[in-house]
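A short write-up of the structure that comes next.
The values are calculated or read from the model by the stated rules, or taken from the named source; none is laboratory data. Since the structure is predicted, the reported quantities are computational estimates derived from the model, not experimental observations. Neighbour counts run over all protein chains shown; Cβ positions are idealised from the backbone, glycine included.
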Amino acid sequence: MSNYALISIIICYLAILFYIAFLAEKNSKSKWVNNPLIYTLSLAVYCSAWTYYGSVGIAANSGISFLPIYLGPVMAVPLWIVVLRKIMRISKQHKISSLADFISLRYGNNRFLGALITVVCVFGILPYISLQLKAISETFEIMADEASYVSTNIFDDSTFYIAVLLAVFAAFFGTQATDASEKHRGIVVSVAFESILKLVFFLIIGVYVTYFLFDGTSDIYNKISITPNFESLTKISGLEAGFDWFFMMMISFIAIFLLPRQFQVSVLENNREKHLKQAIWLFPLYLLLFNIFVIFIAWGGKLTFGNTVNAEYFTLLLPLQNDHVFLALLVFLGGFSAVISMVVVSTLALSTMVSNNLVIPYGFLDKFIKGHPDKNSNYIKTIRRISIFCIIITAYVFYINFSIELSLYSIGLISFVIISQLAPSFFIGLFWNRGSSKAAIIGIIIGFLITLYTLVLPFTIEAFTGIHDFTNHGLFNISALKPYALFGIDFLSPPAHAFFWSMSANVLCYLVFSLTSKGNYRERNYAEMFVDSSNYSSLQDSALVWKGEAYVSDIKNVLNKFLGEDRTQRALNLFFMKYKIPTNTQMADARLINFSEKLLTGSIGSASAKILIASAVKEEQVSLVEVLKILEESKETLANNKVLREKSEELSMLALKLKQANEELISKDKQKDEFLDTVAHELKTPVTGIRAATELLMDDDDEMPAEIKTQFLNNMLNDSDRLSRLINNILDFEKLSRGRNQLNIKQNGIRSSIKKAIIGVQQLAVNKGVTIINDNLVDFKFSYDEDRILQVLTNLISNALKFTEPNKGKIIIECKLINNYVEVYVIDNGKGIPDEDFDFIFDKFYQSKNQNTVKPEGSGLGLAICKQILEQHNGKIWAKKGNKNGATFVFMLPFK
Amino acid sequence: MKKKILIVDDEPNIVMTLEYTFKKQDFEVFIARDGSEALHILESNCPDIVLLDIMMPDVDGYQTLKYIKNKESLKDTKVVFLTAKNKASDIEKGLKLGADKYLTKPFSVKKIVSEVLELLN
């Protein structure tokens, strides 16, 4: 493939990433951007080029020892629920924006500690980034036709331009807000996208090698198992290698928490704690998938190439060997994705540290105090952007000058060991309140120096001079000082060895100095807050103990410099509202001090925030005893508040119940009114008809035509009937609803009752031409009030008659015996019941709106009366849904 | 020219008496059996007066009145509520909504005629 084609593909790919990041940033509230899957995939930034290419290299040369690097994180994952959740809560509460911020805040915003951590991280991660650039350049070289791609002239080197593009990407999406604790959704989503790509492409090449180039896993195994030295590739050889495994797992266990890029995605970019729940099983699954084919690709490559090529690039070389350029291109892009996500997130994390924990606290604070808010915010962003470029460019320079010689795996491990030095002050500090800043600083420095001596120094000397004197004979030829075998421990691999010594010294220093030296009150205060975070998180701002003299206006001035007047005013208003403090308060209290520090922390780091606020206030020393007393008091206040709150909740519950009872009464009253209104209306209507017709007939001057006269008389007759029917119904209904009506219960046959009812309406049915079918009637004798049940039956059948069409209507009456009750069906083929009426038809005076335009005769009480009759029999009546050609009414009568 | 009257009521027996009465008074009579039918008639006709029941299915008397009040072409049309609702609060509500008269059922035919004629003069 030509250079140009490859470069254009890379550029297209980067453009897609920009676009995705841009979309995510724009829709940062959407559920696509904030879901647990995105979170889990962003965690997979752990799988860098080292995983993508390096694992295969290790698997080919030293067998399964690539595994501990993934087993460590898998072991760490179950702990996330406890540890990571705690870290997340603390970070959110204090607006933490980097690992250095987190640790230094635990030790009382110690400025030097923050800077030290930043230096350690930069030192550890820079080579790691350069290793990623190396992977790009080497894979590029493999993919490109022209072998002379790696050029010593920077401007001929595509890797340089790619590095610059990555810096632009990180700078653009990483510094949108001045407050670095804001989320970077664009970067996270693009990382998640890349995580999918790299996994899919790696699996594709895995399947390709295993099932296309070879005949499945057993084929590869059979072939490789006859090669010499095969045994050593599949075993952990002996106790010594066992130690190796153990330390490697510990290193990677620590790395999954403390690598700046992991801290960035797992803690700082997390916006829903509950996403952890999915991540704890999805992330190990991701790692597992990534490692399934590693061993087979490695063996496949070994069988194909022997030891003639760099095993790290088997994934590219195998498809190229077989002329599958497109496949190789996919693999290349997968590796490219792994690189980009690692470089961008690491750079972002490092740049925040460099700006907030190194540059700003050590040089720019004075300037900021004098500066204008807009300018300050620009300064901060600029510092971060310059840091991003510097980091990437430095990594590039490092790569050009050094890492060409080194393998992905070895540099990766060196990084991990260096980062591990932060572990004691981080983990122990989270759970032990005695840990002090002095101890943390000494521990980190000692551990770091030992790592330099036992790992970095000999490694670099060997790599560049090729002289092994230092390694073989030790410093000044003292054999106890051999860097790879300090004090005679010569059975560990260099990284495990370095880890063992540096970590032992680090932890020892940390413990000893913590026990012998107490930190100042501020340190102890934060120690309490971190260790006992679940208790103090509810105390919010008042958990910080502070004593001294400070004016609100002074603090406001400082805040103005960074947030601008509007935001400051808004933030303070919120604060005053939250604690119900009058807005014209003059003197600031501890809560305001803490609140203001938090406001600034995101922008300039916790150490600078502390220094700035301290510059505006006059602080007095507080003794440790006082700290603990004040903390106790705040806890008590909180407990009292809780009791009060519970009481007031009880009261409001009571008030709510009273209100509900009252509403019920009102609604009952209203129902009664409505009932009376309706009765009045129903009675008045026929009376009106009768009265008007009578009046007209009385005043008749013989002009009225005879047929109209007859019509009026007819109407009067109908209205009178309607009136008397209505009166009977109302009386019935009233009696039934008061339960006054004693049922006349006797043994009756249901079949004969139904027949009787039908006879009663037979004439009407014949007149209308409606057939009544009753073939399916069981005969069964049991106790009920026959008159009442006849009333129900008559009502249902007349209703059916009313709603069926003349000469076409058909009414089916059925009676079934089920368990211990009888069910009677009245089914018609009439107009049916509209859906919206189903719930109401048994209400009194409810008349379907779907009736003929001419009102059918009815009081609106019929079904309501039926319902009451059946309820008195402990039965039920309902309309059955689902009859498309009419209505189906069912009632159920239990045996007495 | 003949005066036009629209009678809106869902009780056919009542409508029949009113229709007979006003035809005899030489009115042109329109009949609507509910509110929606009334709206339909009002779309293309401009009666001088509307006799309006309140309790009707679907579109009730209040809604019909609102329609009349909002229509420019019906601004001279008088509206008389003719309803069984005779509580003081109902009457007040009806008049407040802009009805010209509020008459209750049962009614005297003669009274209705005289009220209508009075309104139209």
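The table that follows gives values for the structure above.
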quantity	calculated
Evaluation of A:His681 against (1) within 14 Å of chain B (Cβ to nearest Cβ); (2) not in a helix (DSSP H, G or I) (one fails), failing number	(2)
Lone qualifier among A:Leu726, A:Leu676 - being of a type outside the set (Ser, Thr, Tyr) and more than 11 Å from every other protein chain (Cβ to nearest Cβ)	A:Leu726
Unique residue being surrounded by 17 or more Cβ atoms within 10 Å (Cβ to Cβ) and more than 14 Å from chain A (Cβ to nearest Cβ) when the list is B:Lys78, B:Lys2	B:Lys78
Hits in the stretch A:57-69 - residues which are under 34 Å from the mean Cα position of the chain (by Cα), aliphatic (A, V, I, L, M) and crowded, with 24+ Cβ neighbours inside 10 Å	A:Ile69
Selection status of B:Ser36, within 13 Å of chain A (Cβ to nearest Cβ), over 19 Å from A:Asp699 (Cα atoms), small (Gly, Ala, Ser) and surrounded by fewer than 24 Cβ atoms within 10 Å (Cβ to Cβ)	yes
Meets criteria (in a helix (DSSP H, G or I) and either under 18 Å from A:Phe201 (Cβ atoms) or in contact with an Asp or Glu (Cβ under 8 Å, 6 or more places away or on another chain) (or both)) for A:Phe332	yes
Selection within the stretch B:105-121 - at the interface with chain A (Cβ under 10 Å from one of its Cβ atoms), in contact (Cβ under 8 Å) with a residue 24 or more places away in the chain and in contact with a Lys or Arg (Cβ under 6 Å, 6 or more places away or on another chain)	B:Lys105
Scope the stretch A:208-246; condition among the small types (Gly, Ala, Ser), modelled with pLDDT of 75 or more and under 44 Å from the mean Cα position of the chain (by Cα); matching residues	A:Gly216, A:Ser218, A:Ala241, A:Gly242
Neighbours by Cβ (under 6 Å, 6+ apart or cross-chain): first from the stretch B:47-73, small (Gly, Ala, Ser); second at pLDDT 90 or above and assigned to a loop (DSSP other than H, G, I, E, B)	B:Gly61/B:Asp53; B:Ser73/B:Cys46
Qualifying helices (runs of 4 or more DSSP H) (wholly inside the stretch B:1-119; at least 1 residues being under 16 Å from A:Ala692 (Cβ atoms) and polar (S, T, N, Q))	B:12-24
Scan of the stretch B:82-104 for residues that are over 13 Å from the mean Cα position of the chain (by Cα) and either within 14 Å of chain A (Cβ to nearest Cβ) or within 19 Å of A:Asp673 (Cβ to Cβ) (or both), ordered by number	B:Ala84, B:Lys85, B:Asn86, B:Lys87, B:Ala88, B:Ser89, B:Asp90, B:Ile91, B:Glu92, B:Lys93
Exclusive hit being in contact with a Pro (Cβ under 7 Å, 6 or more places away or on another chain) and not charged (D, E, K, R), set A:Leu696, A:Leu723	A:Leu723
Scope the stretch A:686-713; condition facing chain B (nearest Cβ under 9 Å), free of Cβ contacts under 8 Å to residues at least 12 places away in the same chain and not charged (D, E, K, R); matching residues	A:Thr688, A:Ala692, A:Met704, A:Ile708, A:Gln711
Extreme residue, nearest to A:Leu696 (Cα to Cα), among residues of the stretch B:5-33 that are within 13 Å of the chain's Cα centre (by Cα) and at the interface with chain A (Cβ under 8 Å from one of its Cβ atoms)	B:Leu18
Residue that is assigned to a helix (DSSP H, G or I), closer than 30 Å to A:Ala5 by Cβ and not charged (D, E, K, R), where the choices are A:Ala298, A:Ala349	A:Ala298
Per-region count, the stretch A:764-777, residues exposed (fewer than 15 other Cβ atoms within 10 Å of the Cβ) and over 23 Å from A:Glu805 (Cβ atoms)	1
Complete set of residues in the stretch A:60-84 that are within 16 Å of A:Phe530 (Cα to Cα) and modelled with pLDDT of 85 or more	A:Val83, A:Leu84
Tally, over the stretch A:765-793, of residues that are touching a helix residue (DSSP H, G or I) at 6+ places or on another chain (Cβ under 8 Å), modelled with pLDDT of 85 or more and among the aliphatic types (A, V, I, L, M)	7
Lone qualifier among A:Gly54, A:Gly108 - being closer than 26 Å to A:Met249 by Cβ, small (Gly, Ala, Ser) and either touching a residue at least 60 places away in the same chain (Cβ under 8 Å) or crowded, with 20+ Cβ neighbours inside 10 Å (or both)	A:Gly54
